[in-house]
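Notes follow the structure.
The values are calculated or read from the model by the stated rules, or taken from the named source; none is laboratory data. These numbers were taken from a predicted model, which means no experiment stands behind them. All Cβ positions, even for glycine, are placed from backbone atoms using ideal geometry, and neighbour counts span all protein chains on display. Heavy atoms of the whole protein, side chains included, go into the accessibility calculation; ligands, DNA and RNA do not. Shrake-Rupley method; radii C 1.70, N 1.55, O 1.52, S 1.80 Å.
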Amino acid sequence: MIETLQLFLKAAIVDNVVFIQYLAICPFIGMTNDTEKATGMSLATTFVIILATAVTWPLYKFVMVPLGLEFLQTLFFILVIASLVQLVEFFLKKKSPGLYNSMGVYLALITTNCAVLGVTINCISKNFNYGQSLVYAFGTAMGFLMSMVIMSAVRNRLKTAKIPESFKGTPILYVSAGLLSLAFLGFKGLIG
């Protein structure tokens, strides 16, 4: 149980997918101007990350490895991820049209979200078993959600802050993201 909790915390905080691994920057910058959009995008990405891991791990271990197709890992994983994104897109279009419309092109970009592919490949390269892979995927997804919500709160605060003219807009956004990354580096020694 302790190892499972450590793996979750390591994936979510210590090796945060955005602030430490610098993956998923596109939705991090593009979707954090509104907390509701950021949360919706994060939940959709969470679903895809967990489901992609649940599908790709057995696909790799039980189909690709026995057939000697490990070299096609990236191609197979992207195909699985693209299919899952289509499912999420259909679901949101039917159940939450407002969120679907507000996400726009970013919903389709989950397919190319390097965090999703990164998690699936990390689970294989770190030689996790199936359970560890799912915990790692969930932890990474929660870390992504946390980073999106934190950045949307920062951006909300920046709307009312007195910012020097030369830092307004994109520069203060990247300065803020850099400072958040530095803060998360402080967790690096927390779990080995």
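If S152 satisfies all but one of (1) in contact (Cβ under 8 Å) with a residue 60 or more places away in the chain; (2) open to solvent by 60 Å² or more (accessible area, probe 1.4 Å); (3) among the polar types (S, T, N, Q), what's the number of the condition it fails?
Every listed condition holds for S152 apart from (2).
Identify all residues within the stretch 65-77 that are surrounded by fewer than 17 Cβ atoms within 10 Å (Cβ to Cβ) and within 15 Å of T112 (Cα to Cα); write none if there are none.
Of everything in the stretch 65-77, those that are surrounded by fewer than 17 Cβ atoms within 10 Å (Cβ to Cβ) and within 15 Å of T112 (Cα to Cα) turn out to be T74, L75.
Filter the stretch 45-64 for residues that are open to solvent by less than 70 Å² (accessible area, probe 1.4 Å) and more than 17 Å from L23 (Cβ to Cβ) and give the result.
L51, A54, V55, W57, P58, L59, Y60, K61, V63, M64
Consider F19 carefully, then state whether it is open to solvent by 60 Å² or more (accessible area, probe 1.4 Å), at pLDDT 90 or above and more than 23 Å from G131 (Cα to Cα).
No, not satisfied.
Would you check if L51 is free of Cβ contacts under 8 Å to residues at least 60 places away in the same chain, part of a helix (DSSP H, G or I) and not small (G, A, S)?
Yes; evaluated as a whole, the condition is true for this residue.
Any residue in the stretch 91-110 that is in contact with a Ser or Thr (Cβ under 9 Å, 6 or more places away or on another chain) and touching a residue at least 12 places away in the same chain (Cβ under 8 Å)?
yes
With the requirement that a residue be within 18 Å of the chain's Cα centre (by Cα) and of a type in the set (S, T, N, Q), what does the stretch 134-182 give you?
Selection gives T140, S147, S152, S181.
Considering each of I150, I163, I110 in turn, give the residue that is part of a helix (DSSP H, G or I), at pLDDT 90 or above and farther than 19 Å from T4 by Cβ.
Step by step, each of I150, I163, I110 is checked, and only I150 is part of a helix (DSSP H, G or I), at pLDDT 90 or above and farther than 19 Å from T4 by Cβ.
Return the residues of the stretch 135-148 that are β-branched (V, I, T) and closer than 17 Å to N113 by Cβ; say none if nothing qualifies.
T140
For the stretch 21-43, give me each residue that is in a loop (DSSP other than H, G, I, E, B) and in contact with a helix residue (DSSP H, G or I) (Cβ under 6 Å, 6 or more places away or on another chain).
L23, A24, M31, T32, N33
Output the qualifying pairs, or none if there are none: Cβ atoms under 9 angstrom, residues six or more apart or on different chains, first residue in the stretch 60-82 and in a loop (DSSP other than H, G, I, E, B), second residue open to solvent by 40 Å² or more (accessible area, probe 1.4 Å).
So the pair list comes out as L69/V63; L69/F76.
I172 passes all but one of (1) closer than 22 Å to D15 by Cβ; (2) at pLDDT 90 or above; which number fails?
That leaves (1) as the condition not met.
Does the stretch 166-175 contain at least one residue that is without any contact (Cβ under 8 Å) to a residue 12 or more places away in the chain, surrounded by fewer than 17 Cβ atoms within 10 Å (Cβ to Cβ) and of a type in the set (D, E, K, R)?
yes
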